[in-house]
1. List the residue pairs whose Cβ atoms are under 9 Å apart, where the first residue sits in segment 267-281 and is without any contact (Cβ under 8 Å) to a residue 40 or more places away in the chain, the second is surrounded by 11 or more Cβ atoms within 10 Å (Cβ to Cβ) and in a loop (DSSP other than H, G, I, E, B), and the two are 6 or more positions apart or on different chains.
2. Since Ser115 meets every condition but one in (1) crowded, with 23+ Cβ neighbours inside 10 Å; (2) more than 16 Å from ligand 1 (Cβ to nearest atom), which condition does it not meet?
3. Going by the conditions given, is Val216 within 30 Å of Leu166 (Cα to Cα) and not aromatic (Phe, Trp, Tyr)?
4. State all residues of segment 225-243 that are of a type outside the set (A, V, I, L, M, F, W, C), in a helix (DSSP H, G or I) and away from ligand 1 (no atom under 14 Å from the Cβ); if no residue qualifies, say none.
5. Restricting attention to segment 244-260, and to residues there that are in contact (Cβ under 8 Å) with a residue 60 or more places away in the chain and assigned to a loop (DSSP other than H, G, I, E, B), which single residue is nearest to Val61 (Cα to Cα)?
6. Do we have any residue at all in segment 175-185 that's within 17 Å of the chain's Cα centre (by Cα) and more than 16 Å from ligand 1 (Cβ to nearest atom)?
7. Pairs under 7 Å by beta carbon, first residue under 11 Å from Asp156 (Cα atoms) in segment 56-73, partner more than 16 Å from ligand 1 (Cβ to nearest atom) and β-branched (Val, Ile, Thr), six or more apart or different chains?
8. Can you tell me how many residues within segment 38-79 are in a loop (DSSP other than H, G, I, E, B), in contact with a helix residue (DSSP H, G or I) (Cβ under 7 Å, 6 or more places away or on another chain) and either charged (D, E, K, R) or away from ligand 1 (no atom under 13 Å from the Cβ) (or both)?
Amino acid sequence: MQEHAPHTPPQMTKEQQQARLDSIKKTWEQRRQISRQLGKIKTKIGVYSGKGGVGKTTVSVNLAVYLAHKGYTVGLLDADIDCPNVTKVMGIVNRPEYVEGRLNPAESYGVKVISMSFFQEKEDEAIIWRGPMVHNAINQFIQMTNWGDLDFLLVDLPPGTSDAPLTVMQVLSLDGFVMVTTPQKLAALDARRSINMVRKMNVDVLGIVENFSGEVFGSGAGEALAKDLELPYLGALELRAAYRDDSMPSVLAVSDIMDEYDAIWDRLKPVMSAVNKLPEQRDAAPEATPAPKEPTA
Ligand SMILES: Nc1ncnc2c1ncn2[C@@H]1O[C@H](COP(=O)(O)OP(=O)(O)OP(=O)(O)O)[C@@H](O)[C@H]1O
Ligand SMILES: [Mg+2]
């Protein structure tokens, strides 16, 4: 039987082999560029839930604004490529600057923002991406953005367990996730499913936040879920009419909401500190995201 070099499919012409090699090199160059881009970001946190509409975007935006308010340098990546709405919530009307093939994020309330909606022609236009397109779009998006030095990058993920959130998780090498759930039992089931997925991807779950907490939907399911899954419970965010006012991020507008984020941060900080993921612990380790090694051909 004829022997082949390892991983080389049989009956490849020289040209095919060269094309394959070129494609591998291109992928690695892309990855190296991404890690160079992300290398100056100390801590990357994904905000995620299995179910749609539970408040991921609201939590991402308010947590980003809260951390900026605390004095950190913060970026927010709206990675919900199907339905990006961070810019609307942040009141951003200008598009980011596009300079020599690089995107400089827009800035609002001290947070640098990049969103797929910047590439939409019209606000109500549906963005339809399929398999490989999702992968390419997310890769390009991440590769082109000039974040500069950041303490935190928060990533608002699309819901569910489809290609899009998986790609974001793979490409970004996140430091951990904040999971958002609601007091309803069904949402907790979805949250459990997505937490299992995150755990399979070997990313830390930093804790669970219960949103829409209060008289209408009840409270306690988030804490019970955290206990059950042996994860930190970070706190509750009450259902409030104040969120309907979109003139400014609610955490800055309502002192009770600021208190809720203070409580979440008080719990999140020691969790992150225990795994050496606070930005201040990373000053001594600038290579937070080491560049991948090139494969040997
Ligand atoms: N604690 C709250 N009280 C009242 N309204 C809230 C609260 N949290 C979020 N909302 C509102 O609920 C709606 C859905 O929230 P949001 O867009 O943040 O959810 P999402 O999980 O990002 O949704 P999707 O899965 O579609 O991305 C928004 O209109 C938001 O203003
Ligand atoms: Mg959202």
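Bear in mind these aren't lab numbers, they're just calculated from the coordinates by the rules spelled out. In this text the structure is predicted, and so the values were computed from the model without any measurement. No Cβ is skipped: glycine too gets one built from the backbone with ideal geometry, and neighbour counts run over all protein chains shown.
1. Every condition considered, the pairs that remain are Lys269/Leu278; Pro270/Pro232; Asn276/Arg282.
2. Result: Ser115 fails condition (2) only.
3. Judged against the criteria, Val216 is not a match.
4. Lys227, Asp228
5. Pro249
6. Yes, because at least one residue in segment 175-185 is within 17 Å of the chain's Cα centre (by Cα) and more than 16 Å from ligand 1 (Cβ to nearest atom).
7. Within 7 Å, the pairs are Ala64/Val74.
8. 2
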